[in-house]
Amino acid sequence: MMLIDLPFSVSPVISGMIFVLLFGAQGVFGAWLMAHDIKIIFAVPEIVLATVFVTFPFVARELIPLMEAQGNDEEEAARTLGAGGWQIFFRITLPNVKWGLLYGVIMCNARAMGECGAVSVVSGHIRGVTNTMPLHVEILYNKYQFAAAFGVASLLTLLALVTAVGRRAIERRLTTDGVKHQPMQTSEEKICQMRPPPSPMPDLIFWPLPISQPSHRNSEPQLKTSRLPARW
């Protein structure tokens, strides 16, 4: 989980600088990439890598608790019956987690639309090639084209509203299926679940006990009299 949460703890600008140091002309793989005429930095592949690095924790945080809650009993049964790895994935695993996966993809899309830090470092601001919508808003604003910048920002807002509606629909579906936001279990909770349930207590037979009558000073039985009307 520490590696999954790493993009959340590192600034997106630092993430972009790491990719530049890896795939840049003076980076670790820069000489090999230039020798094979492969361009990653200041191109679309680098933008995709930076965006995936920043957004993939959203998918992981949705799928890991869901898959842990469902268990692997169905996969093991399919393996016992002779199914292959791809058959198990496409016929059992993927249908079970499809709504959680779609929810994570929507969250990734929402995060990717507003990503500006890492993309700004690795894109190079090449208009029409590596210029994303947030970067285009920044360029228009710096050129004092406020109307155009407001128009692009309004389009981003509309896309964000569409994403919010889709997220809400997926949340309702997950709630209906009973798999929404399964919390990740701790080791203590797993150990408690592995323990056998306590044996039921045997049925106890209760015998009625005689109730002692209250003692009276006069042991002779007393007759109960009822109040009758005076005419009787």
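The values are calculated or read from the model by the stated rules, or taken from the named source; none is laboratory data. Keep in mind it's a predicted model, so treat the numbers as computed, not measured. For neighbour counting, all protein chains shown are included, and Cβ atoms are generated from backbone atoms with ideal geometry for every residue, glycine included. Ligands, DNA and RNA are stripped out before the accessible areas are found, and what is left, the full protein with its side chains, is counted by its heavy atoms. Shrake-Rupley method; radii C 1.70, N 1.55, O 1.52, S 1.80 Å.
Things to note:
- Yes/no for THR130 being assigned to a loop (DSSP other than H, G, I, E, B), surrounded by 13 or more Cβ atoms within 10 Å (Cβ to Cβ), in contact with a helix residue (DSSP H, G or I) (Cβ under 7 Å, 6 or more places away or on another chain) and of a type in the set (Ser, Thr, Tyr): yes
- Residue match in segment 101-121 (condition: more than 30 Å from PHE23 (Cα to Cα), open to solvent by 70 Å² or more (accessible area, probe 1.4 Å) and in a helix (DSSP H, G or I)): yes
- Scanning segment 12-36 for residues that are out of contact with any Gly (no Cβ under 9 Å at 6 or more places or on another chain) and either of a type outside the set (Gly, Ala, Ser) or open to solvent by 90 Å² or more (accessible area, probe 1.4 Å) (or both) returns MET17, ILE18, GLN26, VAL28, PHE29, TRP32, MET34, HIS36.
- Scanning segment 49-80 for residues that are among the β-branched types (Val, Ile, Thr) and either modelled with pLDDT under 85 or buried (at least 18 other Cβ atoms within 10 Å of the Cβ) (or both) returns THR51, VAL54, THR55, VAL59.
- For segment 32-48, the candidate set comprises residues that are part of a helix (DSSP H, G or I) and either at pLDDT below 85 or touching a helix residue (DSSP H, G or I) at 6+ places or on another chain (Cβ under 6 Å) (or both); within that set, the residue that is nearest to PHE19 (Cα to Cα) is GLU46.
- Only a single item in (1) of a type in the set (Gly, Ala, Ser); (2) open to solvent by 80 Å² or more (accessible area, probe 1.4 Å); (3) under 15 Å from CYS108 (Cβ atoms) is not met by SER9, and it is number (3).
- The set of residues in segment 81-100 that are open to solvent by less than 40 Å² (accessible area, probe 1.4 Å) and free of Cβ contacts under 8 Å to residues at least 12 places away in the same chain comprises ALA83, GLY84.
- Residue in segment 118-163 that is farthest from the chain's Cα centre (by Cα), counting only those that are more than 18 Å from ALA43 (Cβ to Cβ) and touching a residue at least 24 places away in the same chain (Cβ under 8 Å): LEU156
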